[in-house]
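The values are calculated or read from the model by the stated rules, or taken from the named source; none is laboratory data. Values in this document were obtained by computation on a predicted structure and should not be read as measured data. Neighbour counts run over all protein chains shown; Cβ positions are idealised from the backbone, glycine included. Each accessible area value is taken on the protein alone, full model and side chains, heavy atoms only, with ligands, DNA and RNA left out. Shrake-Rupley method; radii C 1.70, N 1.55, O 1.52, S 1.80 Å.
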Amino acid sequence: MTYLIEGRDGPWELVVGLEVHAQVISRSKLFSGASASYGGEPNTHVSLVDAGFPGMLPVINRECVAQAVRTGLGLKARVNLESRFDRKNYFYADLPTGYQISQFTHPIIGEGAVEIELVDGSTRVIGITRLHLEQDAGKSMHDQDPARSFIDLNRAGVALMEIVSEPDIRSPEEAGAYLRKLRMILRYLGTCDGNMEEGSMRADVNVSVRKAGEPFRTRCEIKNVNSIRYVMQAIEVEAVRQVEIWESGGSVDQETRLFDPARSETRSLRSKEDAHDYRYFPDPDLLPLVIEEAWVQELASHLPELPDAKRQRFQDEYGIPRYDAGVLVAEQPTADFYETVARGRDPRLAANWVIGDFFAALNRTGRTIQDSPISAEALGGMLDLITDGTINGKIAKDVFEEMLANGETAAEIVERKGLRQVTDTGAIDAAVQAVLDKNPDKLAEYRSGKDKLFGFFVGQVMKAMAGKGNPALVNEALKKVL
Amino acid sequence: MMLTELTIAAAHEGLRRRDFSAEELVGAHLAAIDRLNGRLNAFITVTPEQALAAARRADAILAGGEEAPVLTGIPLGIKDLFCTDGVRTTAASRMLEEFVPPYESTVTANLLADGAVFVGKTNLDEFAMGSANITSVFGAVENPWKRAGDAETVLVPGGSSGGSAAAVAARLAMGATGTDTGGSIRQPASYCGIAGIKPTYGRCSRWGTIAFASSLDQAGPMARTVEDCAILLESMAGFDTRDSTSVDIAVPDYRAACGRSLKGMKVGIPAEYRVAGMPAEIEAAWEQGIAWLREAGCEIVEVSLPYTRYGLATYYIVAPAECSSNLARYDGVRFGRRVPGATLDELYEATRREGFGAEVRRRILMGTYVLSAGYYDAYYLRAQKVRNLIRKDFESAFRTVDVLLTPTAPSPAFAQGEKMDDPVQMYLNDVFTVPASMAGVPAMSVPAGLSASGLPLGLQVIGRSFDEESVFAAASALERAAGFTHRPAVRAEVV
């Protein structure tokens, strides 16, 4: 499915590359011992190193390096055993040293790939150019006082991974799918919580347009977009803006832009002429970062099962459809929940219940799987009652609602409300006979060839039995009499 | 007995024998400071109360009968570039005029752990940028030496560790810490007739020392004898996990190395250091040094360090580049001087214009320039390549020789006011010291004699990386042969 922008003179193709800043999950910051945790009173997670005091020196945090390597492995990327840290020099009030320590020429992770799946079921591979480690800056607060700005350095020095994609993305949908997939991988790996609202994952979006077959045209960079939806919207409006410029005979300037979601437009932040000259050079306070192949192997051996592999395994091992498997592996806790439910039971029945009634219930109650009112064990217990014939599928739905409402187990509810399925053929025969007696006209119609009325009789019998009749036995009894 | 005339080694013996107390020893130096610092301006900050309290603690330890570390009770000056917990640390800059660090640098913490007593913070060129100690916001330092027959002309002590050199030469402290980026220990040591060593890059931790050029900065000791330098370096040096560039190699017994025989040691004489226009007396001192080492049993070998001639040019790209970035943190936002401005940019501009002196601003500008887009490859990148070639020069020389012998500086101390209108002339003072800095190898200046004008001349011994022992051995031999007993005109016991 090709996404094209219909211009005046014909269709335009979209070219997008994403730079994602993902905050590394670690106890302490990239180069200091200060806490890297989110929140906290302003300036309480700050060491002298973070505040750029005279004579303070950075020391690399090995756990942050491990997280970058894990992420690289998860992105099927090349791990560079030797990488280097550079200084990116610029002045800003929330940048204490006047430079950000980053990796410019020699990143820790090289080329990799992310496979995305689109709504129509097609898949595409988006190339990863690189991943590098760098420090976050602090936060400037301009809204605390009419005349002064305040600085919070809690975030200053926290490790970020900048994950740069190739300009392989061709539609807003692909950008969204890429970000969701990337976030899924990071969350599986436990290297970034992917929480875009808290800013622990942000995206810079590079957008250009071209006619089919052309080389790339000038791109614009839209900085710091903080939700997947906004990324998709920003791409859409920016592409239209660029097409209009090209078609009216102008040319797109390479510049940095901001996305304003309220007005659904992008605005120029600074042009190429005003671009910072960051004066990158190797940070003389840090030696080249050299890691051992054996350590990389060690980290690789402890990597969790990633979404693509898990999805394939769910299909193979549980025999569930690819679509269902995809839904179940979208989040690791969901996959774990499903596996607990499915273990030793009918995996397809388990998938149907988890994806169907269970997800609907979470949506309805605004809960997440972590604080689900029904545990995987409890749901499994209910499935056991279906499988062993204690209750039928219809009763199960009522039982499920009860479980949701008061936290009882399925067995308790069935016991208390006497919902056990009726398999006594005598009782079923009696109910069948009563229904036939009550509906002689319908019986006549059926007998004159209106086969469809069979369903009506089943419904009436089940209703008469308060839904507890064993559906197979009811069917059988009806067929016999009719 | 003049307590201020003692070496550290001798003072330690005296303290051990209780010939005098640490309080007396420190008191004698504080009195000398009191008398002479107004003139020499060697100290920016003097800490008499803290020093006397530390001396009394040292006396308690010495009285305890246990083996006290050799620096126990020894009064030292600390270059005001080392952060000292609770004691103002200025880098001789208006920017940090009132800055009191809440932490102690690793080097000074090591000295304190060994019982040393700090009498104060010594003057320097602003942020260690200079070769004459004339760029300090606290005023220039006077060299305690005088030209023969000229008591008037004020000479510079060299720089940037000029305050440390002057303090040690004038007997205001028994030893001092210095830092050396392109010669800032060795050149002032040479100008002031004392010994000083820049150890191998990575030998002393840089943690807590205010940075000038991180890939070159190295702390080292300055004292009146080679052995005292050995004693001090042994305390200052050592691996520090807080400095990623410090090296995890055991610190050897440097003092023992001072007495080592030189039989069979190969000494290289680099041809390229015979620069055109070198004063005859410098050349003569060098020849004398060569003769002394030959007599001590060394084999003298001519060697070539072909990239030496690019040393200074390379240094004046690399060092300013790093300084331009290192000094970005002095922005008026979190500590130090702040000059208000209507906007953030105005605050930066006003703060940095007022906070930095002309030489610091010049180097920040040069460094910013050489790192800028379009110039980076031509300057910084090329300089890094040349730096590698200079390093290889030394590596290849050290495949055939154990140490190199050169003059420390191309001249004796010059007068305040000379060479000051032309920064490039000033930079030439470092021509012999810069290459060892670029290569990271250890180098020491030791007094070898007097110029015709009666001023001290130093010789420089350069060694292999982490082989300070050979440097100490050769420097000790030169010191013994030179028998340098001259003393400056201005000193503690001269009233």
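What the table below lists for this structure:
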{"quantity": "B:A195, sole failed condition from (1) open to solvent by 10 Å² or more (accessible area, probe 1.4 Å); (2) away from every other protein chain (no Cβ under 14 Å); (3) of a type in the set (A, V, I, L, M, F, W, C)", "calculated": "(1)"}
{"quantity": "Filter pass, B:A350 being away from every other protein chain (no Cβ under 13 Å), farther than 16 Å from B:A211 by Cβ, in contact with a Gly (Cβ under 7 Å, 6 or more places away or on another chain) and assigned to a helix (DSSP H, G or I)", "calculated": "yes"}
{"quantity": "Of all residues making up segment A:53-76, the number that are within 22 Å of A:L289 (Cα to Cα) and part of a loop (DSSP other than H, G, I, E, B)", "calculated": "9"}
{"quantity": "Among the candidates A:E445, A:E402, residue that is in the same structural domain as A:S375 (by TED's automatic domain parsing), modelled with pLDDT of 85 or more and in a helix (DSSP H, G or I)", "calculated": "A:E402"}
{"quantity": "Helices (runs of 4 or more DSSP H) fully within segment B:368-484 counting 3 or more residues that are out of contact with any helix residue (DSSP H, G or I) (no Cβ under 7 Å at 6 or more places or on another chain) and at pLDDT 95 or above", "calculated": "B:382-397, B:468-482"}
{"quantity": "Residue list for segment B:74-98, filter: of a type in the set (A, V, I, L, M, F, W, C) and open to solvent by 10 Å² or more (accessible area, probe 1.4 Å)", "calculated": "B:V87"}
{"quantity": "Count - residues of segment B:329-345 that are β-branched (V, I, T) and within 8 Å of chain A (Cβ to nearest Cβ)", "calculated": "1"}
{"quantity": "Members of segment B:217-253 that are over 23 Å from B:C192 (Cα atoms) and either hydroxyl-bearing (S, T, Y) or within 11 Å of another protein chain (Cβ to nearest Cβ) (or both)", "calculated": "B:S235, B:D240, B:T241, B:R242, B:D243, B:S244, B:T245, B:S246, B:V247"}
{"quantity": "From the options B:G355, B:G367, residue that is within 14 Å of chain A (Cβ to nearest Cβ), in contact with a Cys (Cβ under 7 Å, 6 or more places away or on another chain) and buried (at least 21 other Cβ atoms within 10 Å of the Cβ)", "calculated": "B:G367"}
{"quantity": "Verdict on A:F358 being in contact with a helix residue (DSSP H, G or I) (Cβ under 8 Å, 6 or more places away or on another chain), in a helix (DSSP H, G or I) and either of a type in the set (A, V, I, L, M, F, W, C) or in the same structural domain as A:V399 (by TED's automatic domain parsing) (or both)", "calculated": "yes"}
{"quantity": "Single residue of segment A:197-243 satisfying the filter (of a type in the set (S, T, Y) and over 19 Å from A:E173 (Cβ atoms)) that is surrounded by the fewest Cβ atoms within 10 Å (Cβ to Cβ)", "calculated": "A:T218"}
{"quantity": "Residue satisfying all of: in segment A:68-102; in contact with a helix residue (DSSP H, G or I) (Cβ under 7 Å, 6 or more places away or on another chain) and within 29 Å of A:A275 (Cα to Cα); nearest to the other protein chains (Cβ to nearest Cβ) among these", "calculated": "A:G98"}
{"quantity": "Of residues in segment B:334-351 being more than 31 Å from the chain's Cα centre (by Cα) and buried (at least 17 other Cβ atoms within 10 Å of the Cβ), the one nearest to A:H142 (Cα to Cα)", "calculated": "B:L347"}
{"quantity": "Close pairs (6 angstrom Cβ cut-off, 6 or more residues apart or separate chains): over 18 Å from B:A296 (Cβ atoms) in segment B:467-495, modelled with pLDDT of 95 or more and of a type in the set (V, I, T) anywhere", "calculated": "B:A492/B:T4"}
